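Worksheet: one structure, shown below.
The values are calculated or read from the model by the stated rules, or taken from the named source; none is laboratory data. All values derive from a computational prediction rather than experimental measurement. Glycine also receives a Cβ, built like all others from the backbone with ideal geometry; neighbour counts cover every protein chain displayed. In case anyone asks, the SASA skips ligands and DNA or RNA and just uses the protein heavy atoms, side chains included. Shrake-Rupley method; radii C 1.70, N 1.55, O 1.52, S 1.80 Å.
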Amino acid sequence: MEQFLALAKNARGGSAVALIQQVLAQPGVFVFGELLEIPSIAALADSADHSAYYTLLKVFAYGTYADYKAHSPLLPELAPPQLQKLRFLSIVSLAATTKQIKYSDLLQQLDIPNVRQLEDLIIQAIYADVVRGKLDQERSILHVEFAIGRDITPESMSTMFATLTKWNAQCDLALKSIVTCMEQASKDRHSFLQEKEAHGRAVEHATKRVASAPDTEFANGSADLPTAKRQKGKR
């Protein structure tokens, strides 16, 4: 893509159109946002002769084959490699909404006449590393495990920014909650250690008292024993 971006900076009119056609047919190129932002390419939007090619580029960047079909009378005809690429990108868009895509939805969205051609297209998309997944022929479902990313529309950027801002605020709250829990846990541990130490001292003190008590009591018992015997003898 870098070579196309470099060429686009100096492309004007018909040469810019030819460049767009090359990019749309180029294998392995599936993102077009940077190209759309180059002034010489963006200028095509105001050209009576070439605006359709700028619109086509936007369809490849943000749209699907269904979008192309809806506006096909106003757009240039697609060459076979371009048609295949747009169908690949349409599968990617469907994969963003569900990981289990029904064949019936794919047949309709991609305007493909039969399942055999559909499965051939999916296999080609897998070999191109556009998507990864498994074909469930019994249930007529494509199980998607991975799909490449697509360009994001400028309108979606504000929504994404708001979502990320909200997520960041929630992360801050979660972090504060974690810090509070850690501080409380530290205080609880400190209190526990203090109580444990106090309990240890109490046990040690009690142990010393118990250890010294038998000697005193035995001494007292020995002094009283003869008296007890004499009293028994008098009886």
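Data table
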| item | result |
| --- | --- |
| Qualifying residues in the stretch 123-136 (those that are over 24 Å from residue 56 (Cβ atoms) and either in contact (Cβ under 8 Å) with a residue 40 or more places away in the chain or not acidic (Asp, Glu) (or both)) - the one most open to solvent (accessible area, probe 1.4 Å) | 127 |
| Selection status of residue 7, in a helix (DSSP H, G or I), in contact with a Leu (Cβ under 7 Å, 6 or more places away or on another chain) and open to solvent by 60 Å² or more (accessible area, probe 1.4 Å) | yes |
| Restricting the stretch 37-51 to residues that are assigned to a helix (DSSP H, G or I), out of contact with any Phe, Trp or Tyr (no Cβ under 7 Å at 6 or more places or on another chain) and open to solvent by 30 Å² or more (accessible area, probe 1.4 Å), the residue that is farthest from residue 4 (Cα to Cα) | 46 |
| For residue 167: the one exception among (1) over 26 Å from residue 58 (Cα atoms); (2) modelled with pLDDT of 95 or more | (2) |
| Inter-residue pairs, beta-carbon under 6 Å, first touching a residue at least 12 places away in the same chain (Cβ under 8 Å) and in the stretch 50-72, second open to solvent by 30 Å² or more (accessible area, probe 1.4 Å) and not in a loop (DSSP other than H, G, I, E, B), 6+ apart | 54/45; 59/67; 64/93; 65/87; 66/109 |
| Residue within the stretch 106-117 that is open to solvent by less than 70 Å² (accessible area, probe 1.4 Å) and either aromatic (Phe, Trp, Tyr) or in contact with a His (Cβ under 6 Å, 6 or more places away or on another chain) (or both) present | no |
| Hits in the stretch 64-103 - residues which are farther than 18 Å from residue 26 by Cα, open to solvent by less than 40 Å² (accessible area, probe 1.4 Å) and not in a helix (DSSP H, G or I) | 75, 101 |
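Let's see how each residue does on (1) without any contact (Cβ under 8 Å) to a residue 12 or more places away in the chain; (2) more than 31 Å from the chain's Cα centre (by Cα):
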| position | (1), (2) |
| --- | --- |
| 2 | yes, no |
| 6 | yes, yes |
| 15 | yes, yes |
| 21 | no, yes |
| 24 | no, no |
| 27 | no, no |
| 79 | no, yes |
| 85 | no, no |
